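First up is the structure itself, then whatever we jot down about it.
The values are calculated or read from the model by the stated rules, or taken from the named source; none is laboratory data. These figures come from a predicted structure and were not determined experimentally. So basically every Cβ, Gly included, is an ideal-geometry build from the backbone, and we count neighbours across all protein chains shown. We work out accessible area using only protein heavy atoms, side chains counted, and drop any ligands, DNA or RNA first. Shrake-Rupley method; radii C 1.70, N 1.55, O 1.52, S 1.80 Å.
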Amino acid sequence: MSTLLISHPSFLEHDPGEYHPERPDRLRAVMAAFEDESFALLERAMAPPATLEQLLRVHPQTYVETILGVRPAADEIVMIDGDTAMSAGSAEAAMHAAGAVVAGVDAVLGDSNIDTAFAAVRPPGHHATPEIPGGFCLFNNVAIGARHAQAQYGVERVAILDFDVHHGQGTQAVVEADASLFYGSSHQYPLYPGTGSARERGVDGNVVNVPLAPNSGGREFRAGWSDRILPQLDRFAPELLIVSAGFDGHRRDPLAHLRLETEDFRWITEELLAIADRHARGRVVSALEGGYDLEALAASAAAHVRALMRV
């Protein structure tokens with residue numbers, strides 16, 4: 001079996017401004033890392049745009065039309081909120097970012113030799129609730145992928161696992177009332193968006209949040225996953241795992257204060273693969289979320305994908 005890398009040139013055309021941390025150079029750094037010869041066996045594909053039907057499984061039509069209707073001039077930037085910006089290329093990039101996760105789902109669930117996929121995308125998505133953008137996010141890419149798996153392939157149980165340093169309140173908003181979905185997240189707390197308390201448990205315990213204090217490192221991160229999220233995920237027995245792969249918990253990242261190392265991201269990837277092997281025939285789709293130090297981002301994404309490749 002093989003691992004598929006999915007990306008698209010439109011992701012570089014989403015330009016939130018010269019000093020914005022979620023900048024095109026993030027994706028350039030990640031894609032440059034994948035040029036190393038150790039990724040020679042990585043299969044590669046261009047992301048299609050998500051269809052309206054796929055977007056509407058998570059977001060109301062008025063929301064989708066509003067986001068896609070923001071079309072600034074070539075030299076303009078429109079602020080959606082205090083942190084989230086759109087440029088002339090943002091709407092197309094957002095459609096392809098959601099489409100990349102859908103394509104990953106199609107690859108691992110369809111008739112192919114792919115069992116794991118990594119969607120190297122921007123903008124990220126886990127802060128976008130069904131009706132509210134924010135935190136650099138426009139469409140909730142991973143939630144759209146999860147709903148596609150259920151609608152297109154009849155998957156009964158989909159788990160979304162999130163190790164971004166920020167809590168994915170948008171994803172939790174989709175999951176928390178639906179027992180066919182599971183959401184597990186470790187994140188720094190307190191930190192934007194201010195959600196993700198351990199008391200937030202969804203329905204039938206299908207949400208597991210592990211808040212980590214500032215300056216927590218790999219020991220606390222691994223304990224939170226090993227003691228709390230992974231056992232509950234194992235009991236949920238997902239037929240598909242989707243990962244919100246944010247690398248901003250790295251000790252070098254400028255937007256938060258966790259102390260993770262590159263090896264911690266390989267460790268959590270291998271732990272998730274072990275559960276996927278038990279319940280989901282090894283099927284994992286991962287999507288890039290945060291990570292704002294270019295060196296740490298590239299190294300951590302590379303470690304994550306090497307683990308997905310099982311090398």
### Query
Amide H of residue 202: which non-local residues (sequence gap of 5 or more, or other chain) have their own amide H closer than 5 Å, using H built in the peptide plane?
207
### Mean ellipticity per residue at 222 nm, deg cm²/dmol - from DSSP H runs of n ≥ 4 across the chain, formula -39500 (n - 2.57)
-11000 deg cm²/dmol
### Task
Loop sites only, by DSSP: take the trypsin sites (Lys or Arg not before Pro) in the chain that have at most 14 other C-beta atoms within 10 Å and name the longest stretch containing none of them.
1-198
## Note on the structure
So the carbon and sulfur contribution to the accessible area of the chain, 1.4 Å probe, in percent, is 50 percent
### Query
Under a point-charge model restricted to the Cβ atoms of Lys and Arg (+1) and Asp and Glu (-1), what is the dipole moment magnitude of the chain relative to its Cα centre, in debye to the nearest 20?
660 debye
### Task
Could you bin all the Cα-Cα distances of the range 10-93 into 10 Å bins starting at 0 and give me the percent of pairs in each, rounded to whole numbers?
15, 38, 32, 15, 1
### Query
For the range 209-254, which semi-axes, largest first and in whole Å, follow from the square roots of 5 times the eigenvalues of its Cα gyration tensor?
23, 14, 7
## Note on the structure
So for the chain, using the alpha carbon gyration tensor with a ≥ b ≥ c as root eigenvalues (a/c under 1.5 gives rounded; past that, a/b versus b/c decides prolate or oblate), I'd call it rounded
## Note on the structure
In the range 6-107, the GluC sites (Glu not before Pro) that sit in a DSSP loop and have at most 15 other Cβ atoms within 10 Å of their own Cβ are 18, 35, 76
### Summary
Scoring only Lys, Arg, Asp and Glu (+1, +1, -1, -1) among other residues with Cβ under 9 Å from the Cβ of residue 89 yields -3
### Long-range amide H partners of residue 286 with built H, under 5 Å
117, 118, 119, 243
### Task
Can you list which of the chymotrypsin sites (Phe, Trp or Tyr not before Pro) found in the range 1-94 are DSSP loop residues with at most 14 other C-beta atoms within 10 Å?
19
